[in-house]
Structure formats: structure tokens, C-alpha cells
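Each reported figure results from applying straightforward, stated rules to the coordinates on display, with no laboratory input. Please read all numbers here as calculations on a predicted model, not as lab measurements. Positions of Cβ are generated from backbone atoms using ideal geometry, with glycine treated the same way; all protein chains shown enter the neighbour counts.
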Amino acid sequence: MTDQSTYNGPQRVLSGIQPTGNLHLGNYLGALKKFTDLETAGWEGLYCVVDLHAITVPQDPALLADQTRQIAAAMMASGLDPDKSTIFVQSSVRAHTELAWIFNCVARMGWLEKMTQFKDKSGKDAERSSVGLFDYPVLQAADILVYKATHVPVGEDQKQHLELSRNIASRFNQQFNAPNFFPQPEPLIEGPGARIMSLKDGTKKMSKSDPAENSRINLIDDADTIARKIKKSKTDTQGDMPESVEAMEGRPEVANLIGIYAALAGTSDEAVIGEFGGKGFGTFKPALADLAVNHLAPITDEMRRLLADPAEIDRALVKGAEKANALAEPIIEDVRKTVGFWQV
Ligand code: TYM
């Protein structure tokens, strides 16, 4: 069995975002903000727009490329620098799909049958889902391991998929008698932004697919819309802001707003309660709206600027694809040898 303590390859971060629908505050705090924080901290990082994952459910081919550019624009606007990090499109590195096939022959049906995201996404009619939707987490394992990435910043909803990636890595190493070939990728989940909930129901995660527009803050919302959505967000009848972390218990909507404030301000729930504990929502909500607007407005503006002339985005993606291919090629070559494929 490989574990991180015996794997001695380079430490490398990888994460991915699907080009489906508008990005929201959950995507930003659970993923994008972490990417830029890691880049600032000096980590080598690869960030991909996962278009192969997007087509596990039907997509309009006329829109997919533009949606892909939008995610790349959001990555750049959030602060990722294409000269420091590798920003690229998943389908432009063929090695992802090749490794996914090999991993299909390593992963077990029983492992995939346990995946709660498949159950959620396929709903009552799993029989009519694409095979790709069922196989989604195997491709995700390939995304990570085709670069031998050691760390994966994601929101909490990806925990189970990361566990599967670790199992696939271990089983590959064992099956092919190649100890330490693949690392055990570590999820980087902790922090107040890991699970941002709906503004209308604190027990449901903020999601692109929620039909209620007021349930989420989109990255492209203007200042007035953000302020209005926060003002209208659900709280409860218990009165003022809690005065301790324990008092957040049983108040999911309020806990969520405190978590959003903490994640945006780069602080903790305790610190937010220290400032606002016992005060009314009439004080807290406007402060949160100001913080959100001040934080997101420059990102939204930069996204709009980039999307007005996609040439800059495309240049970054071409360069990213070159860098990603150069890293993946020798690794997939080694995989081919390890598996025993014919070579001259
Ligand atoms: P996607 O596009 O659905 O989500 C992108 C990222 O946003 C996070 N996220 C959230 N974080 C906090 N609160 C929320 N309400 C919230 N909603 C979404 C997700 O956890 C994710 O980090 N399967 C991945 C895409 C992927 C991937 C990979 C990730 C494909 N290959 C390899 C890491 C490594 C996904 O669901 O993306």
C-alpha cells in the first residue's frame, strides 16, 4: 500500500470545475478562492475546466466552448496567474481519457455503486442515466493521478470522490506491483467555505441546479442583486445573532451566513461571533452584503473584461494545455509500460 509518507514525488495541487451553468458563491469559496490562496502560498497547481465531465449529462454543443471559457475567466479573475499555475481544458489533454479507461479496469463496480452523487444526480431513473455519469468519479481519479497530484482543493461534496481516487491509486499500485507509483491524493477541504448552503434552506447545499434563483449568489450578480439576496436570505425566529459557536447549533441558516462572512473575510466563525454576537440581523446582513459586494465586484468586473475579448483566455488555455500535456505524457508512458502494453 502506498501512503503519502512513503511517496516521495513532488507535491502538486490539481482541481477541476465543470463548465455547466453559472458559478456561485459555493464554487468560489469551496474551490476558486482556495486555488488562489494555494498559488499565493507557492504551490505548483493545475486547474482544469472539466468539459469531459460536463457531457455526462446533455450539453448544448453550441454553448459548451463558451461555458468553458467562462470558467477559465473565473479562475483568472479570482486571481490565478496563468504564468504561475496551469489553467487548461480537460479534453485538450488526451491522457485523462486514456488513464480513465485503465482505471475503469482497476475500480470495482461495488465502489462506484456507493457514490452518493450518482444516486442524487441520476434520481429515480438511474437506468436511463449515461454510463459516463456512473463512471464520473473514475475520470476524476484520472484527472488527479495523470499528474500524480498529491493535494486536491475541493468543497466537502467531493470527499467521497476523493476517497475513491485514493482507493484506485492504492489498488493500481498493488495490482501492478508498483509500490508508490501513484500517491494517495489528499483532499484539502477544511475551512469555513467548504460547504456553503442555500440562502433559502440551511440544510441544502448552494447549487447551480436549485430552481430558486434567490437560493444562491452567482459570481456574475451585480452589487444590487447580491445585497438584495442577502437581505432576503432566510434566518429564523430565534431573534438576534448567536453569542457563541455552540449557540449556532440548530440554526443552520444563521450558521451558514456566519460561515460565508468568515470565509470571505478570511477569518473564523468565532471571530465573526465576537464581532456580531447578540446584534440584530439588521446590523449583520448589511455588513455581510457590503463584504460580499466588495469582495466579489472586482472579480465580476475582471471576468466581464476577459470575456469581452476571449483571445486572452484562449492564449492562457493553449499555454496551459502545453504545460499539462508535457507533465502528463511521461506519466502515461510509464503507466502504459507498467500495465504491459505493447511497445517498440
Ligand atoms: P463542480 O463544478 O460541481 O464544483 C466545483 C467546485 O465547487 C465546489 N462546490 C462547493 N463548495 C462549497 N459549497 C458549495 N455549496 C459548493 N458547491 C460546489 C465543489 O466541491 C468543487 O470543488 N467533481 C468536481 C469536478 C472535478 C474535480 C476533478 C475536482 C472533476 N475532476 C478533479 C477535483 C479534482 C465537481 O463537482 O465540480
Q) For the pair Val344 and Arg315, how long in nm is the line joining their label points, each one 7 Å along Cα→Cβ? A) 4.1
Q: Given the peptides 13-19, 99-105, 222-228, arrange them by the average over their residues of other C-beta atoms within 10 Å, most packed first.
A: 13-19, 99-105, 222-228
Q. For the stretch 108-205, which GluC sites (Glu not before Pro) are in a loop by DSSP, counting at most 11 other Cβ atoms within 10 Å?
A. Glu190
Q: Quick one: angle between helix 281-308 and the longest Cα principal axis of the chain, in degrees between 0 and 90, rounded to 10, please.
A: 40
Q. In straight Cα distance, which lysines are under 30 Å from Lys234, not counting same-chain residues fewer than 8 positions off?
A. Lys33, Lys34, Lys119, Lys121, Lys124, Lys159, Lys200, Lys204, Lys205, Lys208, Lys279, Lys285
Q: Grab the beta carbon distance between Lys232 and Glu190, set R0 = 35 Å, and tell me the FRET efficiency rounded to 0.05.
A: 0.70
Q) Counting only DSSP beta bridges with both residues in the chain, what percent are antiparallel, rounded to the nearest 5? A) 15
Q: Please arrange Thr116, Thr56 by counting, for each residue, the other beta carbons lying within 10 Å of its beta carbon, fewest first.
A: Thr116, Thr56
Q) Label Gln59 and Asp37 with points 7 Å out from Cα along Cα→Cβ: what is the distance between them in nm? A) 2.8
Q) Where the eigenvalues come from the Cα gyration tensor of the chain, what are the semi-axes √(5λ) of the equivalent ellipsoid, largest first, in whole Å? A) 36, 22, 19
Q: Calculate how steeply helix 252-265 sits against the longest principal axis of the alpha-carbon atoms of the chain, using the helix alpha-carbon long axis, and give the answer as 0 to 90 degrees to the nearest 10.
A: 70
Q: Describe numerically, in nm with one decimal, the distance between label points set 7 Å from Cα along Cα→Cβ at Asp83 and at Ser209.
A: 4.1
Q: Evaluate E = 1/(1 + (r/R0)^6) for Ala308 and Gln175, where r is the Cβ-Cβ distance and R0 equals 35 Å; express this FRET efficiency to the nearest 0.05.
A: 0.10
**Q.** Helix 95-104 axis, angle to the chain major axis (alpha carbon atoms, nearest 10°)
**A.** 80
Q. Just Leu32, Leu23, Leu291 to compare: in a GNM of the chain, with alpha carbon springs under 10 Å, which one fluctuates most?
A. Leu291
Q.
Can you return the aspartates and glutamates within cross-link range of Lys232? Criterion is Cα-Cα under 14 Å, with same-chain partners fewer than 8 residues away left out.
A. Asp201, Glu213, Asp224, Glu253
Q: DSSP loop (so not H, G, I, E, B), at most 16 other Cβ within 10 Å: list which trypsin sites (Lys or Arg not before Pro) in the stretch 1-108 pass both filters.
A: Lys84, Arg94, Arg108
Q) Residue farthest toward the positive end of the dipole of the chain, with Cβ of Lys/Arg at +1 and Asp/Glu at -1: which of Pro252, Gly266, Pro192? A) Pro252
